[in-house]
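Take a look at the structure below.
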Amino acid sequence: MTTISGNLYGQEPLYDESKVPSYHLPALLESENGKAVKNVKQWENKRRPEILALFSEQVHGKTPAGKIPVIFQLQSMEERALDGTATRKQVRIFFGRDSSRHMDLLLYLPSNAKKPAPVFLGLNFTGNQTIHTDPGILISTRQTNNGNNPGYKDGYATEESRGLRVRRWPVEEILSRGYGVATIYYGDIQPDRPDSFREGVHSLFFKPGQEKPGPGEWGAVGAWAWGLSRALDYLVQDPGVNPDQVAVLGHSRLGKASLWAGAQDPRFAIVISNDSGEGGAAITRRKYGETIKDINTRFPHWFSDNYKQYNNKENELPVDYHQLIALIAPRPVYVASASDDQWADPKGEYLSLVHAGPVYELYGLEPLKAPEPPGLEKPVSTESMGYHLRKGKHDILLYDWSNYMDFADKVFGK
Ligand code: GTR
């Protein structure tokens, strides 16, 4: 997946910190009726639902309230995978009874676990077989955006795609630290194309004759987040998984999805954003790097159509992304950035944590408070928040994972 950035409509992205405009963030602890929010009860009963509704209506679109029965079918199980270090399960998760609508979950659990394992769950961009060279992983039969890139033919994966993304999924390291890892190809849930709404899960919720989401209805990021919750429906009932210790993570657009999944679904025990940038962790009012207009222009299908009214009008958006982080409280949250990924606005990603802090404090938790982000590869964390700035490009690498595992060790008391 290439990341395109910069120079849209003859306009250079803002990369000069001294030119970041001054801005006022929408209030976190003041209700729409003007009353101050002073305790957890007022936050949970009043302010949190207001903010969640605004993100639903104005940013991601509403996740349909209707429930679709989810059916699990074990497709393969190997108790001695990866030289006996892991149990590998592959589960097809059907959405309703139409057999064409499903996603395939790949799960590795550490073999030597004495109790149900904590698990990291994240979507992948290129097919489950790309996360490891393990010949037992079923090759995805979905069409991808990969054209005839190595390992793909007309967008369909071939045997050569096995292990193409091993750098992003350090499976052995994860298992050796006692964690399981679960993943799904994101296109199984909703293909990443503006013209795909009749193919993915969106159409399961359409009214008769409907062909695309209406203005306040969900976009593709919302669908990917929904898929993460359906994967969690499976994980919480797998006896090898600790249902109270599932961390959701995602890189880039899939980091936007993991934050939105974590904000909506309180069963996720830790929420991790890797380089999620605009529409993810970054404060949009900074206008640094990617802007709302950039994202809505390139990816008109990612967010609700309502979000387009904020193109070049960041200050009119009734929310900003510190509030998305606050929706996750009191559960622990980790945000990571990369130094060469200015398009995602590393400082803006960090500041969302800091500005979400007052909600964590309502719960008596210690947030990150320093007004400036830490230096390169100097991770900072409390028991409720973590952040690091990795050296290098827009990517998710072992360095990132190691810090997520250190944080999870701290949170889960390992
Ligand atoms: C970029 C997009 C980013 C990020 C990235 C990705 O082109 O501008 O917001 O989502 O794609 O998902 O790789």
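Key figures
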| quantity | calculated |
| --- | --- |
| Single residue of the stretch 242-257 satisfying the filter (more than 17 Å from LEU397 (Cβ to Cβ) and small (Gly, Ala, Ser)) that is surrounded by the fewest Cβ atoms within 10 Å (Cβ to Cβ) | ALA247 |
| Members of the stretch 356-376 found to be more than 19 Å from LYS41 (Cα to Cα) and either β-branched (Val, Ile, Thr) or surrounded by fewer than 19 Cβ atoms within 10 Å (Cβ to Cβ) (or both), listed by number | LYS369, ALA370, PRO371, GLU372, PRO374, GLY375, LEU376 |
| Residue list for the stretch 254-275, restricted to those being of a type in the set (A, V, I, L, M) and outside any helix (DSSP H, G or I) | ALA269, ILE270, VAL271, ILE272 |
| LEU249 being within 12 Å of the ligand (Cβ to nearest atom), within 19 Å of GLY386 (Cα to Cα) and touching a strand residue (DSSP E or B) at 6+ places or on another chain (Cβ under 6 Å) | no |
| Residues within the stretch 136-183 that are part of a loop (DSSP other than H, G, I, E, B), touching a residue at least 60 places away in the same chain (Cβ under 8 Å) and of a type in the set (Gly, Ala, Ser), tallied | 2 |
| Subset of the stretch 75-97 (residues that are assigned to a strand (DSSP E or B), small (Gly, Ala, Ser) and more than 25 Å from GLY187 (Cα to Cα)) | ALA86 |
| Contacts under 9 angstrom Cβ, first residue in the stretch 7-19 being farther than 16 Å from GLU278 by Cα, partner part of a strand (DSSP E or B) and modelled with pLDDT under 85, 6 or more apart | none |
| Test result for LEU204, modelled with pLDDT of 95 or more and either aliphatic (A, V, I, L, M) or more than 16 Å from the ligand (Cβ to nearest atom) (or both) | no |
| The stretch 71-96, residues that are surrounded by fewer than 18 Cβ atoms within 10 Å (Cβ to Cβ), closer than 30 Å to PHE303 by Cβ and out of contact with any strand residue (DSSP E or B) (no Cβ under 6 Å at 6 or more places or on another chain) | GLY96 |
| Where a residue in the stretch 397-414 is at pLDDT below 95 and its partner, wherever it lies, is in a helix (DSSP H, G or I) and not basic (Lys, Arg), with Cβ under 8 Å and at least six apart | LYS414/ALA408 |
| Single residue of PRO330, PRO318 found to be in contact (Cβ under 8 Å) with a residue 24 or more places away in the chain, assigned to a loop (DSSP other than H, G, I, E, B) and under 21 Å from TRP218 (Cα atoms) | PRO318 |
| Condition check for PRO266: at pLDDT 95 or above and surrounded by fewer than 17 Cβ atoms within 10 Å (Cβ to Cβ) | yes |
| Scan of the stretch 191-219 for residues that are surrounded by 15 or more Cβ atoms within 10 Å (Cβ to Cβ) and part of a loop (DSSP other than H, G, I, E, B), ordered by number | PRO191, ASP192, ARG193, SER196, PHE197, GLU199, GLY200, PHE206, LYS212, PRO213, TRP218, GLY219 |
| Unique residue being in contact with a Leu (Cβ under 6 Å, 6 or more places away or on another chain) and closer than 28 Å to LYS41 by Cβ when the list is VAL333, VAL319 | VAL319 |
| Any hit, the stretch 75-96, residues being among the hydrophobic types (A, V, I, L, M, F, W, C), within 16 Å of the ligand (Cβ to nearest atom), under 21 Å from the mean Cα position of the chain (by Cα) and under 30 Å from PRO213 (Cα atoms) | no |
| Some residue of the stretch 276-299 being within 16 Å of ARG331 (Cβ to Cβ), within 16 Å of the ligand (Cβ to nearest atom) and not in a helix (DSSP H, G or I) | yes |
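The values are calculated or read from the model by the stated rules, or taken from the named source; none is laboratory data. Values in this document were obtained by computation on a predicted structure and should not be read as measured data. Reconstructed Cβ throughout: ideal geometry from the backbone, glycine too, with neighbour counts over all protein chains shown.
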